[in-house]
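See below for the structure under consideration.
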Amino acid sequence: MNSRERVLTALSHHEPDKVPIDLGGTIVTTITRVAYQNLLRYLGLPPDDQPVISHRQMDTVYPRADLARHYQVDFRTVAMKGPWCFEPREMPDDSFYDEFNIRWKKASYYYDVVERPLADSTVADLARAVWPDPYDAGRVAGLREEAQALYENTDAAIVADIMCLGPFEGACVLRGYEQFLIDLYWDPCFAEALLDKITETDIALWDVFLTAVGDYVQVVAQGDDVGMQTGPYISPDMYRKFIKPRQRRIFDFIHSKTRARVFYHSCGSVYDLIPDFIEIGVDILNPIQRSAKKMDIAVMKRNFGRDLCFWGGAIDVQQVLPFASLTEIEDEIKRTLDTMAPGGGYVFVPAHNIQADVSPERIDKVYATALMHRDYKGRD
């Protein structure tokens with residue numbers, strides 16, 4: 001099998017020849033710039049002094065082709081571009097304003113939100129707020145040709161990656177987490193108006209993007225963090241009332257525009273919401289944050305593996321990958337593959353982006369072990 005065939009077989013819940021491997025297929029299944037440069041040096045590959053940044057705030061990169069070949073990565077990415085009509089407004093204190101007028105300030109490795117544009121807004125203010133122009137032609141300039149070239153000239157599975165702010169996460173970032181959670185209880189009219197505006201913006205972005213690339217991609221990546229370490233941010237009933245209908249609109253629209261599978265990213269403990277995700281059209285769940293409550297990979301595979309593919313969770317990136325011995329890492333990867341590979345429906349990648357403080361020896365051990373044990377031939 002080639003990479004595209006391998007991925008499509010796995011995502012159809014059948015066993016391919018090998019477990020598909022990802023590194024850099026999306027902005028949440030990749031590696032931070034510092035860890036990437038350290039890994040290149042460790043492997044003896046040429047330095048990359050000007051890497052392609054996939055997400056400024058997280059300081060993540062799209063790894064170069066030679067690193068992808070080294071680890072036999074099965075994916076390539078086509079990412080939406082920035083608009084022609086907007087440039088981030090850079091401030092003297094190493095902060096900047098993005099398209100939503102959110103102000104981000106550089107901390108140690110990441111940018112944190114320091115100014116939320118809708119913190120004190122009313123429903124009437126939403127119409128006057130700063131919103132991105134989804135239909136700016138710069139967003140997709142040349143992307144159809146790029147996606148077609150990847151489709152025709154490589155055998156990789158192609159991911160359409162915007163990772164625009166989903167309804168819940170977007171509302172929390174724009175409004176403030178505490179304030180938006182209060183809104184859901186005490187000002188539901190405002191909460192619903194804000195959720196609708198974000199949903200409409202997301203659908204418009206996907207309309208533009210998938211009109212350009214939908215014929216050539218196999219996976220479409222959408223994020224909306226609804227989980228904390230201990231459980232969902234809000235009760236399942238509140239999720240079903242406010243968030244689920246908006247997510248359904250987005251996923252239904254994506255499915256209407258392309259045959260690609262919907263990859264949904266939510267950090268945290270989302271076990272209690274997984275039946276809802278399946279119901280609204282999620283094909284793939286990422287990342288399987290294994291250190292979060294109830295996110296046991298064996299339980300998830302057993303209970304939901306017939307209806308949902310899992311992309312991630314190969315190793316915990318909070319406690320295990322940064323601190324475990326190389327032997328412990330190797331054993332963990334073997335256990336993951338033994339649990340998740342049977343029956344297909346699994347893509348190998350760590351539980352989230354590989355962070356700057358992870359040594360290249362550990363990263364290489366993760367992927368070298370996967371390469372040694374990814375074959376289905378010989379598995380029981």
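The values are calculated or read from the model by the stated rules, or taken from the named source; none is laboratory data. Nothing here was measured: the structure is a model prediction, and the numbers come from that model. Heads up, the Cβs are rebuilt from the backbone with ideal geometry, glycines too, and the neighbour counts pull from every protein chain shown.
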Every residue from the stretch 183-200 that is under 18 Å from ASP225 (Cα atoms) and either among the hydroxyl-bearing types (Ser, Thr, Tyr) or not in a helix (DSSP H, G or I) (or both): THR199
Output for the stretch 29-56, where each listed residue is assigned to a loop (DSSP other than H, G, I, E, B) and surrounded by 24 or more Cβ atoms within 10 Å (Cβ to Cβ): THR29, THR30
Residue satisfying all of: in the stretch 303-342; more than 21 Å from the chain's Cα centre (by Cα) and polar (S, T, N, Q); farthest from ALA368 (Cα to Cα) among these: ASN303
Those residues of the stretch 43-94 which are among the aliphatic types (A, V, I, L, M) and closer than 15 Å to ILE21 by Cα, in sequence order: ALA65, LEU67, ALA68, VAL73
Filtered residues of the stretch 345-380 (kept if small (Gly, Ala, Ser) and out of contact with any strand residue (DSSP E or B) (no Cβ under 8 Å at 6 or more places or on another chain)): ALA351, SER359, ALA368, GLY378
Lone qualifier among ILE158, ILE162 - being over 15 Å from ILE198 (Cα atoms) and in contact with a Leu (Cβ under 7 Å, 6 or more places away or on another chain): ILE158
Members of the stretch 108-136 that are surrounded by fewer than 11 Cβ atoms within 10 Å (Cβ to Cβ) and either touching a helix residue (DSSP H, G or I) at 6+ places or on another chain (Cβ under 8 Å) or of a type in the set (Gly, Ala, Ser) (or both): SER108, ALA124, ALA127
Enumeration of residues in the stretch 209-225 that are part of a helix (DSSP H, G or I) and surrounded by 19 or more Cβ atoms within 10 Å (Cβ to Cβ): PHE209, LEU210, ALA212, VAL213
Criterion violated by LEU165 - all others in (1) under 27 Å from ARG4 (Cβ atoms); (2) in a loop (DSSP other than H, G, I, E, B) satisfied: (1)
Failed condition for LYS241, given (1) under 29 Å from TYR185 (Cα atoms); (2) under 18 Å from the mean Cα position of the chain (by Cα): (2)
Members of the stretch 347-357 found to be touching a helix residue (DSSP H, G or I) at 6+ places or on another chain (Cβ under 7 Å), within 25 Å of ASP307 (Cβ to Cβ) and in a loop (DSSP other than H, G, I, E, B), listed by number: PRO350
Residues satisfying the stated conditions in the stretch 358-373, i.e. touching a helix residue (DSSP H, G or I) at 6+ places or on another chain (Cβ under 7 Å), touching a residue at least 60 places away in the same chain (Cβ under 8 Å) and either part of a helix (DSSP H, G or I) or of a type outside the set (A, V, I, L, M) (or both): PRO360, GLU361, ILE363, ASP364, ALA370
Sole exception among (1) buried (at least 17 other Cβ atoms within 10 Å of the Cβ); (2) part of a helix (DSSP H, G or I) for ALA160, by number: (2)
Subset of the stretch 226-238 (residues that are part of a loop (DSSP other than H, G, I, E, B) and hydrophobic (A, V, I, L, M, F, W, C)): VAL226, MET228, ILE234
Members of the stretch 323-356 that are touching a Pro at 6+ places or on another chain (Cβ under 6 Å) and either surrounded by fewer than 21 Cβ atoms within 10 Å (Cβ to Cβ) or over 14 Å from PRO20 (Cβ atoms) (or both): ALA351, HIS352
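To keep it simple, each residue is scored yes or no on (1) at pLDDT 95 or above; (2) surrounded by fewer than 21 Cβ atoms within 10 Å (Cβ to Cβ); (3) closer than 30 Å to GLN318 by Cα; (4) of a type in the set (Lys, Arg).
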residue: LEU181; (1), (2), (3), (4): yes, yes, yes, no
residue: TRP186; (1), (2), (3), (4): yes, yes, no, no
residue: GLU192; (1), (2), (3), (4): yes, yes, no, no
residue: GLN229; (1), (2), (3), (4): yes, yes, yes, no
residue: PRO232; (1), (2), (3), (4): yes, yes, yes, no
residue: ILE243; (1), (2), (3), (4): yes, no, yes, no
Residues of the stretch 7-28 classified as assigned to a loop (DSSP other than H, G, I, E, B) and either among the hydroxyl-bearing types (Ser, Thr, Tyr) or closer than 14 Å to ARG306 by Cα (or both), total: 5
